[in-house]
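Input: a single structure, listed below in structure tokens.
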Amino acid sequence: MSISFLKNHLLILLFLPVGLLAQKKDTLKFACLLNDAIEQPMETQSINLGQKELKIVLASSTDTLVKSCADVVISTIEQDADDGTWEILFQHKNYWFWLSGLNKIVVRKGQKLKTGEVLGHLAIGKKIELLLYDFETPIDPKKYLNCWK
């Protein structure tokens with residue numbers, strides 16, 4: 001075997017994993033949580049910390065069912081003490097979703113859901129907020145949700 005042959009194959013082995021990791025995010029798409037989703041403007045923060053919060057705020061004038069955006073496992077369910085809405089933390093592979101604003105939930109901790117199965121209900125005129133994390137790193141859910149045609 002020639003040295004150039006070994007160098008070329010070594011370079012391929014070194015850079016292939018990096019290329020595959022970059023492709024992972026490029027091809028990542030999640031289904032929309034609402035059938036007729038309308039993105040809502042985000043509330044202005046009273047204190048500017050220099051970084052925009054990576055989240056999406058959705059509402060629907062017709063849809064009240066909030067559905068799973070991927071095949072997920074429900075990790076945590078909590079009710080907000082201030083307004084009584086529900087927050088759900090769920091996982092898909094290394095991605096973590098934090099969803100808040102549900103008026104009623106129909107899932108339980110540890111439950112596995114397929115894409116499109118119902119997580120809970122949203123009252124007409126109310127909003128849900130979604131934050132997305134790649135393990136512990138916040139990422140912009142707008143880039144990966146398939147809500148707009």
If you project the alpha carbons of segment 34-149 onto the principal axes, what extent comes out on each, in Å, largest first?
37, 36, 32
Of the peptides 125-135, 107-117, how do they stack up when ordered by the mean number of other Cβ atoms within 10 Å, highest first?
125-135, 107-117
Can you give the percent of C-alpha pairs in segment 89-129 whose distance is more than 16 Å?
39 percent
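Read-outs throughout are calculated quantities, based only on the coordinates presented, and are distinct from any laboratory measurement. No experiment lies behind these values; they were computed from the predicted model shown. In this analysis, Cβ positions are derived from the backbone assuming ideal geometry, glycine residues included, and neighbour counts consider all displayed protein chains.
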